[in-house]
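**Q** Submitted below is the structure of interest, expressed as structure tokens.
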Amino acid sequence: MMNFVFPEHFLWGAASSGPQSEGSFQKPHASVMDYWFQTRPQDFYDGAGPDQASDFYHRYREDLRLMKECGFNSFRTSIQWTRLIQDLETGAPDPDGVSFYNRLIEEAQALGIQLILNLHHFDLPEVLLEQYGGWESRHVVDLYVRFARTAFTLFGNRVSRWTTFNEPMVIAEAGYLDGFHWPKYKNRGKAAVQVMYHMALASALAVKAFHELVPDGSIGIILNLTPAYPKDAQAEHLAAARFVEQFYNHFFLDAAVKGSFPKELLKELRRQSVLFTASDDDLAVVSENTVDFIGVNYYHPRRVQARTDSWQEAEWSPNAYFCDYEMPNRRINPYRGWEIYPQAIGDIADVIKNEYNNIPWYLSENGMGVEHEARFMNEAGVICDDYRIAFYEEHLAQLHQAIQNGAACFGFHAWTAVDCWSWNNAYKNRYGFIALDRSTGSRTIKQSGRWFRKLADTNTLTLEDITL
Ligand code: BGP
């Protein structure tokens, strides 16, 4: 037996998001996700949409209690812009939205669950995409900041940890480059770069507002840091991996932590005439308002190689610089198609330690989505998800090792608490510690939820045998 003890006051819990859990009940506006589902329900597995999701809007009390039973001392969710704000231009709040988030905060406080509130989880109000072109517009940055100020003013006295965005890179990548999230554009590289810059700026402006309004709190950003490993050490593959690292990881990391953008990447963007438009005043805001911590979402690595074909698209795109490499013998979660590679956690931790001044961070999402989990149900009705426990054990062992090596990591959040809705895949792959029966709405703690309770209560991961 080996015991891995985690630092004192370590955060144990999980993450979810408003659009994936609450359902659209009572919202004054539709988000781009709501609109996408209304427009093309066939894009979603089994035709399931965010309109119902897991009904967290009505069942948050029960869900928070179940999280407590799973040992959570913390939980991240997001405030939906489309629920909290009635007047998108002024940032005036919607009374029902205020009441819902107040009740959620009160309940979490009563249970001793520390909330981390995120402001944007892919869920832009749709009307802002239609009227202004969404994140391509500088005006939308100001509207986001009005929303952020309203949220900080209303809830900042009771919630001390906040994050500005979840995975802003995915908004550019999935919406403007690879076409798998609304508005489903492909290889609109110039627009993607502008969208990225505006979100980095919006984040810095929100950090500025937060530090004024909630001086005792702390604010960060959640980034999907997906290490890019080259096929081999040939120069062309190394160059492909370097570009991917700069574009997909370091753009937001540098902006958030250093207040600048990767120089080599900017040079290339300028050379290709796709550099974002920015005023000097805005660049000064980015440089002066860096985050207090970062959240790292880690699921899988990226294996890349130089392009094997010549790039034919008319418009510039980061996809011109690399293509995916299918490494032989890689371990795969077949339901999601993602490689399982826990060792990447150590590599991410080293980058943060060596290149980002060892800024405090936590693992803000990690998890394994599995299809048809009901087949693992025992006679007592409990899903015996030992594969999920094994997945977490391996990742936590790596995280523990990274902390031993000096990483300033203060917590671990799984994805997710109660099985929730997902972009495209809807309820196909289940990630939760708590199973949701969609036909009855009932919730049942899985075996992994019981396992997590012991881990959180003892602050110790106990393993029979492990080779790191
Ligand atoms: C992250 C997102 C989450 C969640 C998770 C699982 O990138 O922040 O919102 O959805 O991935 O991925 P998926 O739902 O696509 O299987």
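The values are calculated or read from the model by the stated rules, or taken from the named source; none is laboratory data. The shown structure was predicted, so the numbers you read here are calculated from the model rather than taken from an experiment. Positions of Cβ are backbone-derived with ideal geometry, glycine not excepted, and every protein chain shown enters the neighbour counts. SASA here: full protein model, heavy atoms, side chains in, ligands and nucleic acids out. Shrake-Rupley method; radii C 1.70, N 1.55, O 1.52, S 1.80 Å.
**Q** Please work out which one of (1) open to solvent by 60 Å² or more (accessible area, probe 1.4 Å); (2) touching a residue at least 12 places away in the same chain (Cβ under 8 Å); (3) more than 28 Å from residue 202 (Cα to Cα) is the condition residue 277 fails and give its number.
**A** Unmet for residue 277, out of (1) open to solvent by 60 Å² or more (accessible area, probe 1.4 Å); (2) touching a residue at least 12 places away in the same chain (Cβ under 8 Å); (3) more than 28 Å from residue 202 (Cα to Cα): (3).
**Q** What strands (runs of 3 or more DSSP E) lie completely within the range 130-237 and have 2 or more residues being open to solvent by less than 10 Å² (accessible area, probe 1.4 Å)? Please lay out each step first, then the result.
**A** Numbers: elements: 161-166, 218-224, 228-230.
It comes to 161-166, 218-224.
**Q** Another one. Give me the residue from the range 8-31 that is more than 30 Å from residue 408 (Cβ to Cβ) and within 14 Å of the ligand (Cβ to nearest atom) and, out of that set, surrounded by the most Cβ atoms within 10 Å (Cβ to Cβ). Explain how you work it out, then say what you get.
**A** Taking the range 8-31 and keeping what is more than 30 Å from residue 408 (Cβ to Cβ), we get 19, 22-31.
Narrowing further to those that are within 14 Å of the ligand (Cβ to nearest atom): 19, 22, 31.
Values: 19: 26, 22: 29, 31: 27.
Of everything passing the filter in the range 8-31, 22 is surrounded by the most Cβ atoms within 10 Å (Cβ to Cβ).
**Q** Let me ask something else. Do you know which residues across the range 365-384 are surrounded by fewer than 18 Cβ atoms within 10 Å (Cβ to Cβ) and among the hydrophobic types (A, V, I, L, M, F, W, C)? Let's see the steps before the verdict.
**A** First, the residues of the range 365-384 that are surrounded by fewer than 18 Cβ atoms within 10 Å (Cβ to Cβ): 371-372, 374-382, 384.
Selection gives 374, 376, 377, 380, 382, 384.
**Q** Counting just the residues of the range 154-182 that are of a type in the set (Gly, Ala, Ser) and touching a Phe, Trp or Tyr at 6+ places or on another chain (Cβ under 7 Å), which one comes out nearest to the ligand (Cβ to nearest atom)?
**A** First pass over the range 154-182, keeping only residues of a type in the set (Gly, Ala, Ser): 156, 160, 172, 174-175, 179.
Retained after the next criterion (residues that are touching a Phe, Trp or Tyr at 6+ places or on another chain (Cβ under 7 Å)): 174-175, 179.
On the way: 174: 9, 175: 13, 179: 15 Å.
Out of the qualifying residues, it is 174.
**Q** Same structure again: Just to be sure before I move on: is residue 392 away from the ligand (no atom under 14 Å from the Cβ), open to solvent by less than 10 Å² (accessible area, probe 1.4 Å), outside any loop (DSSP other than H, G, I, E, B) and hydroxyl-bearing (Ser, Thr, Tyr) in the structure I sent? Break it down stepwise before answering.
**A** Working: away from the ligand (no atom under 14 Å from the Cβ): yes; open to solvent by less than 10 Å² (accessible area, probe 1.4 Å): yes; outside any loop (DSSP other than H, G, I, E, B): yes; hydroxyl-bearing (Ser, Thr, Tyr): yes.
Against the criterion (away from the ligand (no atom under 14 Å from the Cβ), open to solvent by less than 10 Å² (accessible area, probe 1.4 Å), outside any loop (DSSP other than H, G, I, E, B) and hydroxyl-bearing (Ser, Thr, Tyr)), residue 392 qualifies.
**Q** Sticking with this one: Across the range 321-364, what is the total count of residues that are within 21 Å of the chain's Cα centre (by Cα) and open to solvent by less than 50 Å² (accessible area, probe 1.4 Å)?
**A** Result for the range 321-364: 19.
**Q** Quick check on my filter: what residues within the range 284-320 are polar (S, T, N, Q), closer than 30 Å to residue 415 by Cα and either without any contact (Cβ under 8 Å) to a residue 12 or more places away in the chain or open to solvent by 30 Å² or more (accessible area, probe 1.4 Å) (or both)?
**A** Passing the criteria: only 290.
**Q** Output the number of the condition that residue 387 fails; it satisfies all remaining conditions of (1) open to solvent by 10 Å² or more (accessible area, probe 1.4 Å); (2) within 16 Å of the ligand (Cβ to nearest atom); (3) at negative phi; (4) not in a helix (DSSP H, G or I).
**A** Just one mismatch for residue 387, condition (4).
**Q** When the residues of the range 79-109 are narrowed to those that are open to solvent by less than 50 Å² (accessible area, probe 1.4 Å) and among the hydroxyl-bearing types (Ser, Thr, Tyr), which ends up farthest from residue 59 (Cα to Cα)?
**A** Within the range 79-109, the match that is farthest from residue 59 (Cα to Cα) is 82.
**Q** Look at the range 82-104 and say how many of its residues are more than 24 Å from residue 35 (Cβ to Cβ) and within 25 Å of the chain's Cα centre (by Cα). Walk me through how you get there before you give the answer.
**A** Kept after step one, since they are more than 24 Å from residue 35 (Cβ to Cβ), are these residues of the range 82-104: 99, 102-104.
Now drop any that are not within 25 Å of the chain's Cα centre (by Cα), which leaves 102-104.
Result for the range 82-104: 3.
**Q** Is it the case that the range 431-448 has a residue that's within 14 Å of the ligand (Cβ to nearest atom), open to solvent by less than 10 Å² (accessible area, probe 1.4 Å) and not aromatic (Phe, Trp, Tyr)?
**A** yes
**Q** Out of 148, 53, 92, which single residue is touching a strand residue (DSSP E or B) at 6+ places or on another chain (Cβ under 6 Å) and of a type in the set (A, V, I, L, M)? Please lay out each step first, then the result.
**A** Working: 148 fails: touching a strand residue (DSSP E or B) at 6+ places or on another chain (Cβ under 6 Å); 53 fails: touching a strand residue (DSSP E or B) at 6+ places or on another chain (Cβ under 6 Å).
None of the others qualify; the one that does is 92.
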